[in-house]
Every structure is written in structure tokens, then in C-alpha cells.
1. Could you please tell me which pairs satisfy a Cβ distance under 6 Å, a separation of 6+ or placement on different chains, a first residue in the stretch 78-89 that is under 14 Å from M37 (Cβ atoms), and a second residue that is of a type outside the set (F, W, Y)?
2. Could you tell me whether P51 is touching a His at 6+ places or on another chain (Cβ under 6 Å) and either under 23 Å from F84 (Cβ atoms) or not acidic (D, E) (or both)?
3. Which of the following residues is of a type in the set (D, E), modelled with pLDDT under 95 and over 19 Å from G36 (Cβ atoms): E67, E74?
4. Counting just the residues of the stretch 7-17 that are surrounded by 10 or more Cβ atoms within 10 Å (Cβ to Cβ) and of a type outside the set (S, T, Y), which one comes out modelled with the lowest pLDDT?
Amino acid sequence: MTHYKPPTQGKASQLFDVVVLVVLTVGALFVPLWMGMAGAAKSVATPVANPTWEALGQNAAQAAKYEALGYTPETAHDLILARFDYSFSVTALLVMIGVILLYYFLILRFSEVEYREVISEKFGE
């Protein structure tokens with residue numbers, strides 16, 4: 001019985017695959033940010049008129065750390081009081097579930113096709 005030798009891929013094809021994967025990864029990470037679909041809160045829930053560390057709910061140790069980073073109560077105001085928005089759309093959730101299921105079944109199908117090809121190359125029909 002002959003030893004299985006997988007098909008070879010050229011250097012240009014490997015480079016193309018790597019570039020496509022990097023572009024897809026960066027796109028998956030940053031496109032939602034650019035579209036405003038993800039990221040930190042956009043607004044402060046209840047702004048403080050004259051911010052002080054105490055009014056912002058910071059103790060002396062926290063205030064010292066903010067000051068060590070170069071923040072003042074005025075510049076840290078939005079950073080401290082901004083809250084994440086945990087609301088979501090049921091439609092977007094259902095679409096995401098559909099995309100994940102489609103991806104899962106697509107991977108299963110491709111894996112089955114490749115598995116059958118390897119078996120037929122190794123052992124024949």
C-alpha cells in the first residue's frame with residue numbers, strides 16, 4: 001500500500017491564503033467598530049456639572065491612579081461615567097444564530113467531501 005501524499009500548494013497560493021485570512025480577521029474585528037455596532041458606550045448617562053473625584057465616586061487611591069495616568073476630574077469624567085449599552089435586537093440575534101448554523105453545516109459538508117476524497121485516494125472507490 002502506498003503512503004498517502006497530500007497535494008502540494010505553491011508559495012504564491014500560501015501567501016494569498018495568509019493575506020486573505022489576515023484581511024478577514026481584521027475585518028471581523030474592526031468592521032463592527034467602524035459601523036458603530038460594538039465598542040464602548042457613546043454617551044454619559046448622568047453628567048456631573050462640576051466634577052470632583054468624590055462626585056465621580058472615586059476614592060483617594062483611585063484618584064491617585066487616574067492622576068498618575070494624567071487625568072483630572074474633568075478629563076476622566078466621561079471615562080468614569082460612561083456605561084455599556086447591553087440592549088440588543090432579536091432580529092440581529094436570530095441572524096447571528098443563522099449565520100453560525102450555516103457556517104457549521106458548511107464546514108461539516110466541506111469536511112465530509114475532503115474526507116471522502118482522502119479515503120478514495122488512499123483506498124480507491
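1. The qualifying pairs are F84/A41; D85/A41.
2. Against the criterion (touching a His at 6+ places or on another chain (Cβ under 6 Å) and either under 23 Å from F84 (Cβ atoms) or not acidic (D, E) (or both)), P51 qualifies.
3. Selected residue: E74, the only one of E67, E74 that is of a type in the set (D, E), modelled with pLDDT under 95 and over 19 Å from G36 (Cβ atoms).
4. Ranking the qualifying residues of the stretch 7-17, first place goes to Q9.
This table checks each residue for (1) within 30 Å of V99 (Cβ to Cβ); (2) modelled with pLDDT of 95 or more.
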| site | (1), (2) |
| --- | --- |
| V19 | yes, yes |
| A28 | yes, no |
| G36 | yes, no |
| A40 | yes, no |
| Q62 | no, yes |
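The values are calculated or read from the model by the stated rules, or taken from the named source; none is laboratory data. Quick caveat: nothing in here was measured; it's all calculated off a predicted structure. Methodologically, a virtual Cβ is constructed for each residue, glycine included, from the backbone with ideal geometry; neighbour enumeration extends over all protein chains shown.
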